Each structure stands twice: as structure tokens, then as C-alpha cells.
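Novice: Take this structure first; my questions come after.
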Amino acid sequence: MNSQLDHPYVAVKAALLPSSSAVESALRLADYAHVNQTRREYGLHAPVPYIAHPLRNAYLVWSWTNAHLHDTCVTELVAASLLHDTVEDAPERIQEFYTSDRDPLALLRSNFGPRVADIVRRVTVPSALGECGVSDRNVTYLEHLIAEIAPDEGALITKAADLVDNAGSLWRSPLSPARVTRLARKYTEAVHALAENAGVIQDHRVRTAVEERLRRLDATLGELTGV
């Protein structure tokens, strides 16, 4: 099976994750699911394997939670973060990995448990979103975030890490200034929605860490939007 985990940029990040069978299994599946995807990282000349993105997310989630939550909960959050884009981006690759035609979320539930599968389900963008215009798509995205992600502790933590990685790099983006501004406004609304619902995080130390990171991200986005 092809793997991108030996890529130097990726290997360094993979080594930072906690060692557990569930995390290692999630990493192997995420690697398989995203093996044909790349992502341009600012400051690097060539695109890197997409798996670098969920790896950064997972490490951020771990850094917020590892000293404060039960090991089982931390492991579930890290695994869900590694897998957060798999159902949205490559559901057929999940089926190939397990040589099964079952629903991809059902396969995650069978192999990682109901909590991991539910977090991934909540953070997965509805497929119908791709059929909307930009304005409607942004509205639907925010509605989905408020309805499915904001009320759930694990999903909110997972999505917060995802936003930090995606939105936090906009200020260095090679995209046109108009495109950067549009994305910054979209992400700002999402950041505000998560911050307003951060009370769903029960442990105050985890909640404080997430809120502080969201505040920093909001300030960065504000510089891009002029707000």
C-alpha cells in the first residue's frame, strides 16, 4: 500500500502524536484515504501530502487535552481529528481500505467506536453544499456548524483545530486579495459561532485553551477583513 507517512515533512509531525493502537490505526486509514491528495504549504516550494493537515489538527487537539482529559477521551479526539476529512473527501477509500461496501461512517463506527464516528459525522460538510452558490454555501456551512458542531464538545474541539489550521494560514496565502477576504469573512463567522458555544467544553482548562486560540485566530482574521 502506498504511504506518504515517510515524507520528511509528514514524518516529523506523525512522530509527535501519542502512541496508541487506535491513533496508529486512524493514522494508517487517514494516510490511505488522502494518499492521492496534496496540499500547498506556505514557505515550501512543492506541495506536501494532504495528511500533514489532519496531523497538525490532531497534534493541536492533543496539546489542548492530553493533560486534562481521560486517556480514552483524548485518544478518541485525536483519532477523530486524524479522520475528520476522510468521509467528506474520500469515502470510497475508506471502503477500499476495509474491502467493504458498507457505509463509510458505519465502518468508522465498527473500527473506532461510536464516539469517533459521531464526531466525524458532525464535522463532515453536507454533500449538498457543493451544489449551492457561494453565498448560499456559506450560509449552509454556518447553519451546519451551529446545528451539528457547536452543541457537541468533541466536534467543537475538532473543528476549532481545523479552523486554526485552515484559516490561520490565510495571511500568507497566494490567493487573490479578494478571495482571501471572502474566506476570512467566512471563517470569522465560524470562529465566532464556536467561541460563543465554547461553554459546551466541560473541562475549564481545555475550554480556556480553545477559547484563547480562537481569540488569536479572530484577531488575525480581523486584520485581513479590516474589522
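Every number in this text was worked out from the coordinates using simple rules, so none of it is lab data. Everything quoted here is computed from the prediction, not taken from an experiment. Here Cβ is always computed from backbone atoms with ideal geometry, including for glycine, and neighbour counts include all displayed protein chains.
Novice: Using the Karplus curve 6.51 cos²θ - 1.76 cosθ + 1.60 with θ = phi - 60°, what ³J(HN,Hα) values do you get for each residue of segment 85-102, in whole Hz, with x for Gly and Pro?
Specialist: 9, 5, 5, 6, 8, 8, x, 5, 6, 5, 5, 5, 4, 9, 6, 9, 9, 5
Novice: Rounded to the nearest 0.05, what FRET efficiency do His7 and Asp89 give with R0 = 30 Å and r taken as the Cβ-Cβ distance? Could you check?
Specialist: So the FRET efficiency works out to roughly 0.95.
Novice: From the alpha carbon gyration tensor of segment 26-102, can you work out the equivalent ellipsoid semi-axes (sqrt of 5 times each eigenvalue) and give them in Å, largest to smallest?
Specialist: Equivalent-ellipsoid dimensions as semi-axes: 23, 20, 7 Å.
Novice: So what are the ³J(HN,Hα) numbers for segment 54-60, from phi and the Karplus equation (6.51, -1.76, 1.60; θ = phi - 60°), rounded to whole Hz, Gly and Pro as x?
Specialist: Taking θ as phi minus 60°, the curve returns x, 5, 5, 4, 4, 5, 5 Hz for segment 54-60.
Novice: Now a separate question. Could you work out the pair-distance distribution P(r) of segment 1-160 from its alpha-carbon pairs, with 5 angstrom bin width and percents rounded to whole numbers?
Specialist: Percent of Cα pairs in each bin: 1, 9, 18, 21, 20, 17, 10, 3, 0.
Novice: Show me, for segment 183-196, the HN-Hα J-couplings you get by feeding each phi into the Karplus relation (A = 6.51, B = -1.76, C = 1.60, θ = phi - 60°), rounded to Hz, glycine and proline as x.
Specialist: Values, residue by residue: 5, 4, 5, 4, 5, 4, 4, 5, 4, 5, 4, 5, 4, 5 Hz.
Novice: Same structure again: Under the 0.36 nm per residue contour assumption, what length would be gained going from the current alpha-carbon distance of Arg102 and Arg182 to full extension?
Specialist: Length gained, Arg102 through Arg182: 25.0 nm.
Novice: Moving on to the next point. Please report the projected area of segment 163-214's Cα convex hull averaged over all directions, in nm².
Specialist: Reported value for the Cα convex hull: 3.6 nm².
Novice: What full-extension length gain, to one decimal in nm, is calculated for Glu223 and Ala147 as 0.36 nm per residue of separation minus the Cα-Cα distance?
Specialist: 24.5 nm
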